[in-house]
Amino acid sequence: MEKRGAIEIKNLDKHFGENHVVNGISLSVKPGEFLSFLGPSGCGKTTILRMIAGFETLDSGDISIDGESVIQLPPHKRHVNTVFQNYALFPHLNVFDNVAYGLRAKKKKKEEIEQAVKKALDMVQLTGFEKRMPAQMSGGQRQRVSIARAIVNEPPVLLLDEPLTALDMKLRKEMRYELRNIQQKLGITFIYVTHDQEEAMVMSDRIAVLNGGNIEQIGKPEEIYKHPKSAFVSDFIGETNAFDGMVKDIKKDSMTVVCESGHFLAKTDYFAEGEFVNVSIRPHKVQWSFEEVEGFQLKGMVKDYIFTGSFVSAVVELVNGREIRIARLAGEGLPDMDKPVYLFWNPEDAVVMKNPAGNVHDIIEEIDLGEWIKK
Ligand SMILES: Nc1ncnc2c1ncn2[C@@H]1O[C@H](COP(=O)(O)OP(=O)(O)O)[C@@H](O)[C@H]1O
Ligand SMILES: [Mg+2]
């Protein structure tokens with residue numbers, strides 16, 4: 001069967017009164033793709049989702065799903081479901097009944113409903129919670145119920161509007177990976193809206209960065225991270241130091257990543273040894289020492305200082321020519337130019353993304369990794 005869930009958006013335009021909220025955007029989303037709209041509050045993310053879902057009219061343009069224009073169709077005929085920020089469960093219904101609600105409304109057979117609900121709860125790891133009431137569950141569990149409810153009729157497209165925002169930081173980080181796993185297992189298209197760049201980075205196949213109703217840039221997370229096409233994107237995404245590498249030793253709280261310049265520690269989130277990753281570390285998170293730091297081997301010399309507003313960056317050239325920036329508030333102090341420095345950071349500060357296109361041979365050939373690989 002052909003994969004469903006292709007979305008084509010053409011010249012989508014929307015005003016609210018004088019406010020030009022969506023400014024003629026176009027993009028295609030492939031079946032099974034995880035695409036995020038990333039942008040600051042008020043840039044039109046929710047409006048775009050609502051137009052795709054059918055809750056908002058468009059001024060002009062077209063939206064088609066699997067080759068058919070849907071703009072004349074009511075929401076329930078569009079084969080898309082939406083997960084909202086504030087999960088909106090029915091408080092008087094238990095988990096099973098919340099998830100079953102839509103199928104019952106469609107008068108599906110009892111056995112069919114039971115099977116579908118079981119499968120959806122299994123997908124979000126809530127098997128056994130059927131009888132619980134929403135009030136007896138944590139925020140994360142409730143959000144999983146709302147995801148189960150949205151996938152129970154197996155839509156080819158799921159729209160998610162900042163679904164993790166209401167959760168605390170720790171849970172939010174865990175749920176990122178769960179959502180990504182659910183998306184991969186279902187193989188359906190996810191359109192994900194967030195203002196959190198790290199969230200978009202670690203989850204998405206592609207990111208569309210929005211600014212005032214325009215797509216500033218669309219591409220893979222690492223492309224956007226490494227090659228921001230506009231000042232807005234680089235400001236919003238933030239300047240970063242990016243490394244391609246491979247996961248080595250995984251310990252309880254951190255893992256070693258080998259890269260072309262040496263190796264370093266990063267946080268461990270759900271990676272496997274031998275896996276290829278792209279790691280980003282913000283200039284203001286990079287620390288230095290005049291002595292080697294355990295777990296890190298990134299040695300270099302400062303070759304330049306760059307002044308930008310109230311910040312100063314030291315540009316450190318690593319042994320293989322790679323440049324890393326350390327940023328500090330002016331006056332906070334940076335290493336001198338004449339002594340070798342050893343770079344390190346708190347492993348928690350390194351943002352790790354999978355990099356399926358990575359290639360161990362490239363990495364091994366580029367660096368003298370012989371010693372590492374043998375260990
Ligand atoms: N129903 C509405 N009526 C009038 N203005 C709206 C309405 N919905 C959104 N807006 C305005 O449209 C702009 C984009 O809103 P929205 O799509 O919610 O942004 P985001 O989700 O990116 O924060 C904002 O300026 C907002 O105030
Ligand atoms: Mg919004």
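Looking at Ala242, is it at pLDDT 90 or above and aliphatic (A, V, I, L, M)? Write out each step before concluding.
Numbers: at pLDDT 90 or above: no; aliphatic (A, V, I, L, M): yes.
No.
Quick grid of which residues meet (1) open to solvent by less than 40 Å² (accessible area, probe 1.4 Å); (2) of a type in the set (Asp, Glu); (3) modelled with pLDDT of 95 or more:
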{"site": "Arg78", "(1), (2), (3)": "yes, no, no"}
{"site": "Pro91", "(1), (2), (3)": "no, no, no"}
{"site": "Lys107", "(1), (2), (3)": "no, no, no"}
{"site": "Ile113", "(1), (2), (3)": "yes, no, yes"}
{"site": "Lys118", "(1), (2), (3)": "no, no, yes"}
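Each residue in region 201-252 was checked for being open to solvent by less than 30 Å² (accessible area, probe 1.4 Å), small (Gly, Ala, Ser) and either assigned to a helix (DSSP H, G or I) or touching a His at 6+ places or on another chain (Cβ under 7 Å) (or both), and 1 of them qualify.
Report yes if some residue within region 30-37 is part of a strand (DSSP E or B) and closer than 15 Å to Pro156 by Cα; otherwise report no. Looking through region 30-37, at least one residue is part of a strand (DSSP E or B) and closer than 15 Å to Pro156 by Cα. Exactly one residue out of Glu162, Glu174, Glu198 is among the acidic types (Asp, Glu), surrounded by fewer than 24 Cβ atoms within 10 Å (Cβ to Cβ) and out of contact with any strand residue (DSSP E or B) (no Cβ under 7 Å at 6 or more places or on another chain), and it is Glu174. When region 20-46 is examined, which residues are found to be open to solvent by 20 Å² or more (accessible area, probe 1.4 Å) and within 11 Å of ligand 2 (Cβ to nearest atom)? Result: Pro40, Ser41, Gly42, Thr46.
For region 177-195, enumerate the residues that are in contact with a Gly (Cβ under 7 Å, 6 or more places away or on another chain) and either open to solvent by less than 10 Å² (accessible area, probe 1.4 Å) or free of Cβ contacts under 8 Å to residues at least 40 places away in the same chain (or both).
Within region 177-195, the subset in contact with a Gly (Cβ under 7 Å, 6 or more places away or on another chain) is 187-189, 195.
Residue satisfying the conditions is Thr189 alone.
The values are calculated or read from the model by the stated rules, or taken from the named source; none is laboratory data. Keep in mind it's a predicted model, so treat the numbers as computed, not measured. Positions of Cβ are generated from backbone atoms using ideal geometry, with glycine treated the same way; all protein chains shown enter the neighbour counts. The protein model used for the area step is the full one, side chains on, heavy atoms only, and it has no ligands, DNA or RNA in it. Shrake-Rupley method; radii C 1.70, N 1.55, O 1.52, S 1.80 Å.
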